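> The structure's right below; bear with me while I get my questions together.
The values are calculated or read from the model by the stated rules, or taken from the named source; none is laboratory data. Source: prediction; values computed, not measured. So basically every Cβ, Gly included, is an ideal-geometry build from the backbone, and we count neighbours across all protein chains shown.
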Amino acid sequence: MAWELTEDVEAFAATAGDFLRSRPVQHTVLLTLVGTLRRRGLHAYGPGLPIFGVWRSSSGLVDGVLLQTPPHPMMFSGLPAAAVPAAVEALRGRALSGVNMTVGDAEVFLAGWPAPATVKMRTRLHELGTLTPSPVPPGTARPAVAADRDLLRSWHRAFYDEIGEEHSGDFGPIIDDRIESGGVTVWEDGSAVSMAIRSRIETGMVRIQLVYTPPASRGRGYAGAATTVATRSALDLGATQVVLVTDLANPTSNALYQRLGYRAVEDRTVVEFTS
């Protein structure tokens with residue numbers, strides 16, 4: 001049993017693909033990260049080179065993975081017990097900014113990692129049961145178009161600033177990709193007031209990746225309406241599983257998605273390391 005690390009996304013996709021596709025709900029972020037890196041190149045998320053890893057069981061089968069797109073925290077799938085302390089040893093000496101792990105795995109990993117850690121966020125993965133639309137507010141939904149690019153860039157920056165996630169400020173290529181795929185739903189009430197973004201379909205799974213309403217337009221139901229439309233479009237694409245991830249520190253969004261029919265699947269801890 002051992003970790004195998006690589007900087008080759010194609011080799012990783014070939015080795016870990018079956019494992020990732022075996023649990024598309026739990027592996028939602030990993031699947032979309034790999035898809036984006038293969039489609040848009042290794043620097044899609046920043047100037048640093050990504051690192052990939054697989055954990056093989058005693059039978060040689062892949063039974064866990066890791067992936068980091070610097071400067072973001074390293075993300076792990078759920079891991080067998082032996083793989084967590086082994087990851088500490090395999091990664092010792094690397095300049096990790098942080099980790100994103102299931103709650104139990106994070107506790108074990110942090111007990112062995114030499115750098116001080118600060119919990120940045122606790123998240124919850126949800127899967128759609130039966131879509132239950134919220135009351136429809138004034139306005140209508142439409143797909144984003146190229147003319148929305150500058151507005152969407154400002155909203156992306158505002159969203160990541162609000163959650164405290166590091167970013168370069170230049171979301172142009174990401175937005176172009178999302179507009180091209182038809183993945184951005186804009187809610188308009190006289191002007192654009194909210195957006196909900198979904199991923200491409202992967203192994204029957206679509207994730208609602210980002211929902212944002214500017215502060216001045218909140219509390220009017222726009223986010224719920226945009227999320228409902230984005231969810232329906234995922235189902236219309238043929239998705240059999242629609243998922244989203246919430247910050248457990250935000251009771252408003254957690255309550256909203258529960259009302260729409262999303263149900264909890266697993267909790268994660270995102271930590272930052274300091275030197």
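> From the list A115, A90, A106, A95, exactly one residue is assigned to a helix (DSSP H, G or I) and surrounded by fewer than 21 Cβ atoms within 10 Å (Cβ to Cβ). Which is it?
Unique residue meeting the criteria: A90.
> Do the conditions hold for V243, that is, is it crowded, with 21+ Cβ neighbours inside 10 Å, closer than 16 Å to T32 by Cβ and either in contact with a Pro (Cβ under 9 Å, 6 or more places away or on another chain) or without any contact (Cβ under 8 Å) to a residue 24 or more places away in the chain (or both)?
For V243, the condition - crowded, with 21+ Cβ neighbours inside 10 Å, closer than 16 Å to T32 by Cβ and either in contact with a Pro (Cβ under 9 Å, 6 or more places away or on another chain) or without any contact (Cβ under 8 Å) to a residue 24 or more places away in the chain (or both) - is met.
> Oh, and also: Looking at the range 246-257, which of its residues are in contact (Cβ under 8 Å) with a residue 40 or more places away in the chain and either out of contact with any Lys or Arg (no Cβ under 7 Å at 6 or more places or on another chain) or surrounded by fewer than 18 Cβ atoms within 10 Å (Cβ to Cβ) (or both)?
Correct list: D247, L248, A249, S253, N254, L256, Y257.
> Assigned to a loop (DSSP other than H, G, I, E, B), under 20 Å from H167 (Cβ atoms), free of Cβ contacts under 8 Å to residues at least 24 places away in the same chain and not charged (D, E, K, R), is that true of A44?
Against the criterion (assigned to a loop (DSSP other than H, G, I, E, B), under 20 Å from H167 (Cβ atoms), free of Cβ contacts under 8 Å to residues at least 24 places away in the same chain and not charged (D, E, K, R)), A44 does not qualify.
> Does V84 qualify as being in a helix (DSSP H, G or I), touching a residue at least 24 places away in the same chain (Cβ under 8 Å) and among the β-branched types (V, I, T)? Working first, answer last.
Details: in a helix (DSSP H, G or I): yes; touching a residue at least 24 places away in the same chain (Cβ under 8 Å): yes; among the β-branched types (V, I, T): yes.
Spelling it out, V84 is indeed in a helix (DSSP H, G or I), touching a residue at least 24 places away in the same chain (Cβ under 8 Å) and among the β-branched types (V, I, T).
> Being buried (at least 19 other Cβ atoms within 10 Å of the Cβ) and under 17 Å from the mean Cα position of the chain (by Cα) is the filter here; which residues of the range 175-193 pass it?
I175, R178, G183, V184 - these are the residues of the range 175-193 that are buried (at least 19 other Cβ atoms within 10 Å of the Cβ) and under 17 Å from the mean Cα position of the chain (by Cα).
> Yes or no: the range 244-258 includes at least one residue that is within 24 Å of V145 (Cα to Cα) and outside the structural domain of L31 (by TED's automatic domain parsing).
First pass over the range 244-258, keeping only residues within 24 Å of V145 (Cα to Cα): 244.
Now narrow it down to the ones that are outside the structural domain of L31 (by TED's automatic domain parsing): 244.
Among the residues of the range 244-258, at least one is within 24 Å of V145 (Cα to Cα) and outside the structural domain of L31 (by TED's automatic domain parsing), which makes the answer yes.
> Any chance you could count how many residues in the range 150-160 are exposed (fewer than 15 other Cβ atoms within 10 Å of the Cβ) and in contact (Cβ under 8 Å) with a residue 12 or more places away in the chain?
1
> Hey, does the range 161-179 have a residue that's out of contact with any helix residue (DSSP H, G or I) (no Cβ under 7 Å at 6 or more places or on another chain), within 17 Å of A234 (Cα to Cα) and free of Cβ contacts under 8 Å to residues at least 24 places away in the same chain?
no
> Kindly indicate which of V54, V62 is surrounded by 13 or more Cβ atoms within 10 Å (Cβ to Cβ), among the aliphatic types (A, V, I, L, M) and out of contact with any Phe, Trp or Tyr (no Cβ under 6 Å at 6 or more places or on another chain).
That would be V54, the only listed residue that is surrounded by 13 or more Cβ atoms within 10 Å (Cβ to Cβ), among the aliphatic types (A, V, I, L, M) and out of contact with any Phe, Trp or Tyr (no Cβ under 6 Å at 6 or more places or on another chain).
> Next up: Is it fair to say S134 is touching a residue at least 40 places away in the same chain (Cβ under 8 Å), outside any strand (DSSP E or B) and over 30 Å from A16 (Cβ atoms)?
Judged against the criteria, S134 is a match.
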